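Single-structure report; data block below.
The values are calculated or read from the model by the stated rules, or taken from the named source; none is laboratory data. This structure is a prediction, so every number in the text was calculated from the model and none was measured. Note: ideal-geometry Cβ built from the backbone for every residue, glycine included; neighbour counts use all protein chains shown.
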Amino acid sequence: MDMLKMMKQAKQMQEKMAGLQEEVAQIEVIGTSGGGLVRVTLSGKGDLKALSIDPSLVKPEDAEIIEDLIVAAHADAKGKAEAALAERTQALMGGLGLPAGLKLPF
């Protein structure tokens with residue numbers, strides 16, 4: 001194999017991965033729980049951007065339920081963000097013709 005060609009491909013991969021990371025940072029996903037009573041919005045990096053709780057839930061005796069719903073909605077949104085990243089990464093890697101299962105240090 002041509003070492004110069006491999007190095008060039010590695011550099012291109014690094015540039016594409018940097019672009020992908022920027023793209024993912026711009027993604028926003030919404031997770032819900034409790035039939036939509038609680039919604040959280042996360043960035044592609046998993047940062048919590050917004051939280052919405054239906055007013056019908058705001059009762060002192062329901063505080064623990066609200067907390068649990070927030071955690072569940074956050075987990076839902078984070079899972080969607082991770083799935084979006086995996087999908088985009090696979091699409092990026094698919095165009096390189098690398099062997100299946102190859103682990104790269106990115």
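If only residues of segment 65-98 that are surrounded by fewer than 14 Cβ atoms within 10 Å (Cβ to Cβ), within 14 Å of the chain's Cα centre (by Cα) and closer than 16 Å to residue 19 by Cα are counted, the one that is modelled with the lowest pLDDT is 90. Residues in segment 32-64 that are without any contact (Cβ under 8 Å) to a residue 12 or more places away in the chain and either touching a Lys or Arg at 6+ places or on another chain (Cβ under 9 Å) or within 30 Å of residue 19 (Cα to Cα) (or both): 47, 50. Taken over segment 11-31, the criterion of being exposed (fewer than 13 other Cβ atoms within 10 Å of the Cβ) and either more than 12 Å from the chain's Cα centre (by Cα) or among the charged types (D, E, K, R) (or both) is satisfied by 11, 12, 14, 15, 18, 19, 22.
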